[in-house]
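S.K.: Sharing a structure here in structure tokens format.
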Amino acid sequence: MNDIRTITLDLDDTLWAIHPVIRRAEARLYEWLGEFYPNITELYEPADIREVRSQVAAEFSGSAHDLTFLRRTVLSRVGTAAGYGTEFINEAFRIFDEVRNDVDIFPGVIPALEALKKRFIVIAVTNGNANLTAIGIDHLFDEVVTAIKAGAAKPSPQVFEMAVRLGGAKAKETLHVGDHPRLDVDGARNAGLRTVWVNRNKSVWPDEFDLPDIEVTHVGELPGLLGEN
């Protein structure tokens, strides 16, 4: 790993747990809709909205990488059906994002990012829509590559290829760090990057994928493994 010049990092479930965050954000949005746009919650239970989302995802399968588009389309459909139109959507997104970016960063992540930033170009690579400025860690990254920006979601090579270009190093000099065996590790490996699997839950590596270059239990191990004191 002595030749590594760029570190690319997944965000959701690598730097923080995402599922509790999304549940809280969706619950807060539903509560807000019930207060200010009650016709929506009278027409749609949370499970009904999830069904609309499934329908939208199937209808716009070519836009599966654009989670913002999918969520806006869902809100447009339920808002129109309830007689409100679409003017409320921007405010609804603000309510959702406020909670979506209130994350509990895993212990050791901030010191690790600070140490890595001193030696490497550090790039966030995510299929989600976390706002690093709102979270308060944008200063620890040189660039952010999202699925929307790349026009595809991980494990598509074009996501990682964009990160490599922005990092300014070769693919083999770029180390991707993530929790998902297929989306992160296998996707990055297929694009020519070196890989780190963050295995917080002591999961068994899937047999169908080649092993990662490194396995860690948390991001805090990285500086030591890469020679940072």
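FYI, it's all coordinate maths here, none of it is from the lab. Computed from a predicted structure; not experimentally measured. Cβ: placed from backbone, ideal geometry, glycine included. Neighbour counts: every protein chain shown.
S.K.: Rounded to the nearest 0.05, what FRET efficiency is calculated for L211 and T80 with R0 set to 35 Å and r the Cβ-Cβ distance? Walk me through the numbers on the way to the answer.
M.R.: Numbers: r = 49 Å, r/R0 = 1.41.
Efficiency, rounded to the nearest 0.05: 0.10.
S.K.: With each run of n ≥ 4 DSSP H residues scored as -39500 (n - 2.57), what mean residue ellipticity at 222 nm is computed for the chain after dividing by its residue count and rounding to the nearest 500 deg cm²/dmol?
M.R.: Value at 222 nm, helices only: -13000 deg cm²/dmol.
S.K.: Could you compute Rg(Cα) / (2.2 N^0.38 Å) for region 80-166, with N its residue count? Write out the running numbers ahead of the final one.
M.R.: Details: Rg = 16.3 Å, N = 87, 2.2 N^0.38 = 12.0 Å.
Cα Rg divided by the expected 2.2 N^0.38 Å: 1.36.
S.K.: Using alpha carbons only, how many angstrom separate the centre of region 10-59 from the centre of region 160-195?
M.R.: After rounding, the separation between the Cα centres reads 31 Å.
S.K.: If you don't mind, another one. Among the aspartates and glutamates, which fall within straight-line cross-link reach of K202, defined as a Cα-Cα distance under 13 Å, with same-chain neighbours fewer than 8 residues apart omitted?
M.R.: D179, E215
S.K.: With Rg and the Kirkwood Rh both taken from Cα atoms, where does Rg over Rh land for the chain? Let's see the in-between values first.
M.R.: Details: Rg = 19.1 Å, Rh = 18.8 Å.
Using Cα coordinates only, the ratio equals 1.02.
S.K.: In debye, nearest 20, what is the charge dipole magnitude of region 130-229 about its Cα centre with +1 on Lys and Arg Cβ and -1 on Asp and Glu Cβ, if you could check?
M.R.: Working: 10 positive and 15 negative charges, 41 e Å.
In debye, rounded to 20, region 130-229 gives about 200.
S.K.: Give the lysines whose C-alpha is closer than 29 Å to that of K118, dropping any in the same chain fewer than 8 places away, or say none.
M.R.: Filter leaves K149, K154, K170, K172.
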